[in-house]
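Presented below is the structure to which this report refers.
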Amino acid sequence: MANDQWKDIAASGDIEPGSFVSVQLSETESVLLVRTGTELHAWADSCPHVGCPLSAGHLADGVFTCPCHNARFDAATGTNLSPPALDDLARYEVREAQGRVLIGARHEPEFPRPTGSDERTVAIVGGGAGGALAAEQLRREGFAGRIVVITPESGRPYDRVLLSKFYLAGDMGFDDIALRPASFYESQAIELWTGRRATAIDADAKRITLDNGRELAADFIVLATGSRARSLPVPGTNLSGVHLLRSAADAKAIRDDVREAGNVVIIGAGFIGTETAAYLRGRGANVAMVAPESVPFEHAFGKDVGERFAEMHRANGVELHLERQVARIAGGERVEGVELTDDTKLPADVVVIGVGAEPVVDYLDGSGLLENGAVPVDEHLRTRAAGIYAVGDIARVEGAAGAKRVEHWVVAQRHGRQAARSILGADEPLPFAPFFWTRQFETSFGYIGHAPDFDEVRFKGDVKNGKFLEGYFKAGVLAAVGTIGNGKAAIRYGLLLEAGRQISREQFEAGLASLGA
Ligand code: FES
């Protein structure tokens, strides 16, 4: 649309202060009209993450939360406030005349380019969610110094969450899962040192030693090394055809190894196990899943939700061997089967082990930054050493409400952004409730909060029919919510949790209105 072409799309009176409407412009394009105070704004009604309509999400206190994966945007400026979306909203010119709303040209968001010069260096150890977002946010906030990202991966940062989903299914290639095009890092002068690992950190000198012997001294260091996949202490894990799944290279190896109608055994029924089972089943493989729990996700989400996942997998042809242990992985050079401790023998051309992950912190031995296998940090993500920050899986955040270490993608992304803000002197850390999701067989489950040791679960809705909201309680107080099909309510509870509200079972039962939300 040319700048001088205005299109009449709505009546001014349809958009009350503090509210929004979505207007469809074409089959593929909708505009989100929102009035903040007296100002009217027009944004693309499509989240820059993967395109969910923001109009199906939640607007509170001038902030939109995306219904799909909880990215946040300032309703007045379109600024991206929280990942997993990375960019701001596309904007339309808008004006009002004679009681009508008219929109003009659409403007795509531009990533800011720092100007000026800065002699300082920020070294980021790790190029996953936390490291990549720390680098981006430094530039977003105007940092003009040197940024070096040290990553063992062979390429640029990518969305690890998609590895066990669409990438494994073959529906996406590397360019589809990369967080940014290669040109982004060039234009933002973010140096990616690929294929390299840190082997030691001198915390006093703020100096990193790399696996090729090179050293890098920095003014600030962000430790963002994430986790590595755990293997299983049974014979046969070294056979050809047996895989772990952590990196894009791992996922590609599995993808290349799995044949239609081939036999795949998945060991583990958590995120990696269930998603891998679902997406390989979608590719026509015969999939068996083995796990010691009585249902998938038993410890994370409880029995009822776990049973729902189990039913979903059975209905889609996944053979479940629950409450079973693996004795050995059998074969010659290549895997031929998996033997369970009850003598069950499962044929296997491919085995995927998805039994959890452990933080990558070996290089921090002797640095004085480690404690019980993690790096303690404050809410600004500052470690004990001045100028050194830790984010994501390796960071144990010691806040007012206790210590918390969370291994989820969006949490690491938010940490990365927060570390950048902290480096640049932001006074207050941004509060957020942890969020994660899984999508399997066209069903999405979202979870907001942190309840690793919940002692009670309460439901609203119907778990069996797949539309419900559940509350996870610890000592009678809501710690997290999970949902299939009721993302909006989950977002609203998430905002209350984030604000530090103590919500009792009775209040949860009574609903959001009783909480004034
Ligand atoms: Fe909006 Fe994913 S589509 S956060």
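Every number in this text was worked out from the coordinates using simple rules, so none of it is lab data. This structure is a prediction, so every number in the text was calculated from the model and none was measured. Reconstructed Cβ throughout: ideal geometry from the backbone, glycine too, with neighbour counts over all protein chains shown.
Of all residues in segment 308-341, exactly one satisfies the criterion of being in contact with a helix residue (DSSP H, G or I) (Cβ under 8 Å, 6 or more places away or on another chain) and more than 20 Å from residue 284 (Cα to Cα), namely 322. Within segment 35-61, the set of residues being within 9 Å of the ligand (Cβ to nearest atom) and part of a strand (DSSP E or B) is empty. With the requirement that a residue be in contact with a Leu (Cβ under 9 Å, 6 or more places away or on another chain) and either within 16 Å of the ligand (Cβ to nearest atom) or assigned to a loop (DSSP other than H, G, I, E, B) (or both), what does segment 11-33 give you? Scanning segment 11-33 gives 15, 18, 19, 20, 22, 32.
Residue pairs whose Cβ atoms lie under 8 Å apart, separated by 6 or more positions or on different chains, with the first residue in segment 463-474 and at positive phi and the second assigned to a loop (DSSP other than H, G, I, E, B) and surrounded by fewer than 20 Cβ atoms within 10 Å (Cβ to Cβ), are 466/485.
In segment 48-69, the residues that are touching a residue at least 12 places away in the same chain (Cβ under 8 Å) form Cβ pairs under 6 Å with partners that are near the ligand (Cβ under 10 Å from one of its atoms) and charged (D, E, K, R), at six or more places apart or across chains, as follows: 63/72; 65/72. Mind checking which strands (runs of 3 or more DSSP E) fall wholly inside segment 218-336 and carry at least 1 residues that are closer than 22 Å to residue 159 by Cβ? Hits in segment 218-336: 220-223, 227-229, 242-244, 263-267.
Taken over segment 62-87, residues that are near the ligand (Cβ under 8 Å from one of its atoms) and assigned to a strand (DSSP E or B) amount to 0. Filtered by the rule that a residue be aliphatic (A, V, I, L, M) and out of contact with any strand residue (DSSP E or B) (no Cβ under 6 Å at 6 or more places or on another chain), segment 41-58 gives 44, 50, 56. Here is the figure for segment 171-188: residues that are within 21 Å of residue 257 (Cβ to Cβ) and loosely packed, with under 13 Cβ neighbours inside 10 Å total 2. Is it true that residue 91 is surrounded by 16 or more Cβ atoms within 10 Å (Cβ to Cβ), within 14 Å of the ligand (Cβ to nearest atom) and among the basic types (Lys, Arg)? It is false that residue 91 is surrounded by 16 or more Cβ atoms within 10 Å (Cβ to Cβ), within 14 Å of the ligand (Cβ to nearest atom) and among the basic types (Lys, Arg).
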